[in-house]
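I have placed the structure first, in the form of structure tokens, so that the comments after it can refer back to it.
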Amino acid sequence: MTAAHEYNATIVRREDVHDGLAMLWVAPDGQGFAPFLPGQFVAIGRIVEAPGGPRALVKRSYSIGSSAHDRHAVQLFVVHVDDGEFTSWLFEQREGARVWLAPKASGGFTLQGFERGMDLALVSTGTGVAPYVSMIRTYDEAPPWRRAVVINGVRVAADLGFRDELEDAAARDPRLVYLPTTTREPEHSAWTGLRGRVGELLEPSRFRALAGFDLDPSRCHVYVCGNPSMIEDLERLLTARGFKKHTPRHRGTLHLEKYWTE
Ligand SMILES: Cc1cc2nc3c(=O)[nH]c(=O)nc-3n(C[C@H](O)[C@H](O)[C@H](O)COP(=O)(O)OP(=O)(O)OC[C@H]3O[C@@H](n4cnc5c(N)ncnc54)[C@H](O)[C@@H]3O)c2cc1C
Ligand SMILES: NC(=O)c1ccc[n+]([C@@H]2O[C@H](COP(=O)([O-])OP(=O)(O)OC[C@H]3O[C@@H](n4cnc5c(N)ncnc54)[C@H](OP(=O)(O)O)[C@@H]3O)[C@@H](O)[C@H]2O)c1
């Protein structure tokens, strides 16, 4: 058995946001989590023991929502995927449960390719809002952006993770706009906010009215995170409007993070 197959972390806090949707705080044993960049993800896992067989590690990736300045535990925002192998197990775990946590974060969906002083559109569906919360928490004092907008598309308003915190942050900071939007909220519910898919908010005049700046590739970077079909739709839409995809080899103004493949 290798060290990779030992539990090395604990779920120290769990808050259920809605059915099948939870915030988890995972603390590594020992000294705290390794330094990471806001926007990165970490793998957590479960050790599976087949009778008489070898131990196996079943692991999945989750964006870190915590500030990069707070490394006692990593905060994750997780949805229980219907019949999902790992999340079906994870949602049975309570505070105190042991998990495997990768020793460090990974991924290039960070602000490293972002040019200081430009505008920032942070677009997400579902739990894909988590990396943006890490960015906003980390740069609370001195953000590198001129203006930032966080767009989060969810089925119903109860699925909006970090809603209170993002509303408060936007109320405090005139440089920040928070635009949650719902697609399946019942028509006569208490929800009075935006409705429709995230792409509808990117229509130029609507975006300008809501966000207070233009989606102009010479002055703005766009980050897109979550549902893969949403990412493909927005990649088409935004490349047609002059945004260039950011890759490890080619700097661009369009940064993409797909949570799964279809
Ligand atoms: C870089 C990265 C960051 C991620 N960050 C997060 C995060 O912050 N929060 C989070 O909840 N998930 C996140 N994910 C997805 C996560 O890694 C798992 O794929 C997810 O939890 C499903 O695992 P599972 O074992 O339960 O489902 P599986 O048994 O592995 O998959 C079942 C099916 O569901 C599809 N699927 C996977 N995720 C979803 C989803 N969210 N909605 C609908 N279908 C899905 C898979 O393609 C597969 O077809 C991230 C993925 C990546 C690659
Ligand atoms: N509370 C929960 O969210 C919850 C609870 C338990 C289980 N689950 C399961 O978890 C999985 C993920 O659910 P989820 O709601 O987090 O994520 P999701 O299915 O990706 O939906 C999140 C938002 O993305 C939108 N969307 C989908 N495709 C899009 C596109 N091409 N362009 C723009 N927007 C798009 C959806 O709109 P539409 O409504 O128009 O599709 C919805 O508003 C599902 O298997 C679900 O059954 C979710």
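Each value in this text was obtained by applying a stated rule to the coordinates, not by laboratory testing. Note that this is a predicted model, so its numbers are computed, not measured.
If you wrap segment 137-262's Cα atoms in a convex hull and average its projection over all directions, what's the area in nm²? Let's see the in-between values first.
Working: hull surface 35.6 nm².
So the mean shadow area of the Cα hull is 8.9 nm².
Where does helix 163-172 land angle-wise versus the long Cα axis of the chain, in degrees 0 to 90, nearest 10?
For 163-172 against the chain, the angle is about 40 degrees.
Among the lysines, which fall within straight-line cross-link reach of Lys59, defined as a Cα-Cα distance under 27 Å, with same-chain neighbours fewer than 8 residues apart omitted?
Lys104, Lys258
Anyone know which of Leu202, Leu101, Leu57 comes out most mobile in the 10 Å Cα GNM of the chain?
Residue with maximal mean-square fluctuation among Leu202, Leu101, Leu57: Leu57.
Based on the Kirkwood radius over alpha-carbon pairs, what value in µm²/s does the Stokes-Einstein equation return for the translational diffusion coefficient of segment 91-146 at 4 °C and 1.567 mPa s? Don't skip to the answer; put the middle values down first.
Numbers: Rh = 14.1 Å.
Rounded to a whole number, D works out at 92 µm²/s.
Once you have a ≥ b ≥ c as the square roots of the Cα gyration tensor eigenvalues for segment 1-89, tell me rounded if a/c is under 1.5, and otherwise prolate or oblate according to whether a/b is larger than b/c.
On the way: a/c = 2.13, a/b = 1.23, b/c = 1.73.
Because a/c hits 1.5 or more and a/b fails to exceed b/c, segment 1-89 counts as oblate.
With the contact rule set at Cα under 8 Å and sequence spacing of 6 or more, what percent relative contact order holds for the chain?
On the way: 542 pairs, mean separation 44.7, N = 262.
Computed over the chain, the figure is 17 percent.
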